[in-house]
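Chemist: Okay, handing you the structure first.
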Amino acid sequence: IMDEEGAASGLAKSAAVKLSEMSERTKQLGTAMRDPHQQRRIILVIVCVALLLDNMLYMVIVPIIPDYLADLESEQSEHVHVVMHPNTSANSTSQDQSIKDNLDVQIGVLFASKAILQLLVNPLSGTFIDRVGYDIPLLIGLSVMFVSTCIFAFAENYATLFVARSLQGLGSAFADTSGVAMIADKYTEESERSTALGIALAFISFGSLVAPPFGGILYEFAGKRVPFIVLACICLADGFLFLTVIKPFSNRTRENMPVGTPIYKLMIDPYIAVVAGALTVCNIPLAFLEPTIANWMETTMHSSQWEMGLTWLPAFFPHVLGVYITVKLAAKNPNLQWFYGALGLVIIGAMSCTVPACKTFGELIIPLCGICFGIALVDTALLPTLAFLVDVRHVSVYGSVYAIADISYSVAYAMGPIVAGQIVHNLGFVQLNLGMGLVNVLYAPALLLLRNVCQMKPSFSERDNLLEEAPQGLYDTIKMEERRAKKKGYSSAGNCVPVDENGLDPFRAQRSLSEESSGAECS
């Protein structure tokens, strides 16, 4: 009996010690999550996972949906054929061709519907993000993406698939824009911002390029539902982590934040317009080749299914290399961001022109890797430039400007599945690639307009005029103090010292005016 009592007492003490250790670890985790630097890293992880999911869901349907729709179409045609013509097989060839053409149109519209809806919603989502902050729109985007993924998993007809694809565009308009804007807001130092956005771009690339083989393998061995269920579970986990760390409904910091510049004013800013055009042009080859290159490979080089499925996967590595090189170069020579973007456009143009000359799968990998390397240069150089332009020319609220970036991507990917097929049908695959290459090379000199961006100075008077209401006193004082301490006069952005026309520090003027405007309130 005494031994049993001693054993029970020992177990109780051991359990108490373990509970105490777990409680201590929980407290340490909570303290770490409240630390601004740790929280910033966790936010970067959450946003990167959201971008990864969005791009995986965008591309995972490439090997799944055409085959699935073809099976549905053949079942329906067999049923109609048996009912209408039970004893004849006349005109079967023309009927099969009609079914194939109809299927091509359906697939093109389905693939483009996401980008089209995203294009329509982005102006509204950008303004909404500027008004309510970055956290609630990101939660909305994750929620819509989760619902869209579940619908994809259980859809059994074309109409339901179309609804799921369109819903994904709605979720992307909120999740992508608010996620990238949140990174720009949390990482105010230019070098840190370039690195963080580069990491996000690497996740975008990984999601886009690994999704087709991921979806194809699971579809082949486990069925249509499994790839989407896996993505839905990851989305759900990311949403719970977001709610744990950010707590969006208890955050009231946006109540005192300045009003962002309206999106239409940002669109007519010539520097932002040049960047947006470059983002559209550089993504046209990728958007136009994705729906057309598989058929071309099958026709010209008689490629196998695994070769068509793995076409873009090797390009992930040069894309990540391009992101890494651009981040390192931007840290040393930030005044040459425009040059890195222009070089990327030239590389994309040259590689696009060489695609039709490839005769084997091994040869084709080289220009595709070059295209993705060039895209990495353009995106990594110009996405931080958008945030810097907003900082020095407008109000430092980033929802609308990254909505413009998302619109730029959406324009390319909305046209791709619909326009590319028509161009190949009417003019040919060679002419498509030559045209895309020429557009990229001709647009590269436009980035010369950005060569003096680094010398721009933050203008207090311009910022004050762009605000729809007076500066919010205490908030502006704290915000400007933080920026002054971190940026040290925008030294990381080309060693440009923010001195206004009168030789005064505009941050000091801003701070003193904010102190005066909030003096009575603080006292």
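The values are calculated or read from the model by the stated rules, or taken from the named source; none is laboratory data. All values reported here derive from a predicted model rather than from experimental measurement. Note that we place each Cβ from the backbone using ideal geometry, even for glycine, and neighbour counts take in every protein chain shown. Areas reflect the complete protein model, heavy atoms only, side chains present, ligands, DNA and RNA absent. Shrake-Rupley method; radii C 1.70, N 1.55, O 1.52, S 1.80 Å.
Chemist: Can you tell me which residue in segment 99-115 is modelled with the lowest pLDDT, limited to those that are β-branched (Val, Ile, Thr), surrounded by fewer than 20 Cβ atoms within 10 Å (Cβ to Cβ) and under 18 Å from Val62 (Cα atoms)?
Modeler: Of everything passing the filter in segment 99-115, Val105 is modelled with the lowest pLDDT.
Chemist: Do we have any residue at all in segment 446-454 that's surrounded by fewer than 22 Cβ atoms within 10 Å (Cβ to Cβ) and outside any helix (DSSP H, G or I)?
Modeler: yes
Chemist: Here's something else I'd like to know. Of the numbered conditions (1) within 25 Å of Arg41 (Cα to Cα); (2) surrounded by fewer than 24 Cβ atoms within 10 Å (Cβ to Cβ); (3) in contact with a Ser or Thr (Cβ under 9 Å, 6 or more places away or on another chain), Phe146 fails exactly one; give the number of that condition.
Modeler: It fails just one condition, (3).
Listed here are the residues, each with its yes/no results for (1) open to solvent by less than 50 Å² (accessible area, probe 1.4 Å); (2) under 27 Å from Pro314 (Cα atoms); (3) in contact (Cβ under 8 Å) with a residue 60 or more places away in the chain.
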| residue | (1), (2), (3) |
| --- | --- |
| Phe154 | no, no, yes |
| Thr177 | yes, no, yes |
| Thr195 | no, yes, yes |
| Ile204 | yes, yes, yes |
| Ser208 | yes, yes, yes |
| Glu220 | no, yes, no |
| Ala237 | no, no, no |
| Phe242 | yes, no, yes |
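Chemist: Quick check, is Ala276 of a type outside the set (Lys, Arg), over 19 Å from the mean Cα position of the chain (by Cα) and either in a helix (DSSP H, G or I) or more than 29 Å from Leu427 (Cβ to Cβ) (or both)?
Modeler: no
Chemist: Now for a different question. Condition (residue is within 25 Å of Arg131 (Cβ to Cβ) and either at pLDDT 50 or above or aromatic (Phe, Trp, Tyr) (or both)) applied to segment 455-464: is it met by at least one residue?
Modeler: Yes, because at least one residue in segment 455-464 is within 25 Å of Arg131 (Cβ to Cβ) and either at pLDDT 50 or above or aromatic (Phe, Trp, Tyr) (or both).
Each row is one residue, and each column tells you yes or no for (1) under 26 Å from Pro123 (Cα atoms); (2) open to solvent by 60 Å² or more (accessible area, probe 1.4 Å); (3) among the polar types (S, T, N, Q); (4) modelled with pLDDT of 85 or more.
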| position | (1), (2), (3), (4) |
| --- | --- |
| Val230 | no, no, no, yes |
| Pro248 | yes, no, no, no |
| Pro270 | yes, yes, no, yes |
| His302 | no, yes, no, no |
| Gln305 | no, yes, yes, no |
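Chemist: Right, something else. Name the residues in segment 160-174 that are open to solvent by less than 10 Å² (accessible area, probe 1.4 Å) and in contact with a Ser or Thr (Cβ under 9 Å, 6 or more places away or on another chain), would you?
Modeler: Scanning segment 160-174 gives Ala164, Arg165, Gln168, Gly169, Gly171, Ser172, Ala173.
Chemist: Same structure, new question: For segment 392-406, what are the residues that are in a helix (DSSP H, G or I) and modelled with pLDDT under 85?
Modeler: none
Chemist: Any residue in segment 259-288 that is polar (S, T, N, Q) sitting within a Cβ distance under 6 Å of a residue that is modelled with pLDDT under 90 and not in a helix (DSSP H, G or I)? List the pairs, counting only those 6 or more apart or interchain.
Modeler: If the second residue must be modelled with pLDDT under 90 and not in a helix (DSSP H, G or I), the pairs left are Thr261/His394; Thr261/Val395.
Chemist: Quick test for you: out of Pro262, Pro367, Pro285, pick the one residue that is under 28 Å from Asn122 (Cα atoms), modelled with pLDDT of 85 or more and surrounded by 22 or more Cβ atoms within 10 Å (Cβ to Cβ).
Modeler: Pro285
Chemist: Sort through Leu336, Leu310, Leu321 and tell me the only one that's farther than 29 Å from Val60 by Cβ and either open to solvent by 20 Å² or more (accessible area, probe 1.4 Å) or without any contact (Cβ under 8 Å) to a residue 24 or more places away in the chain (or both).
Modeler: Leu336
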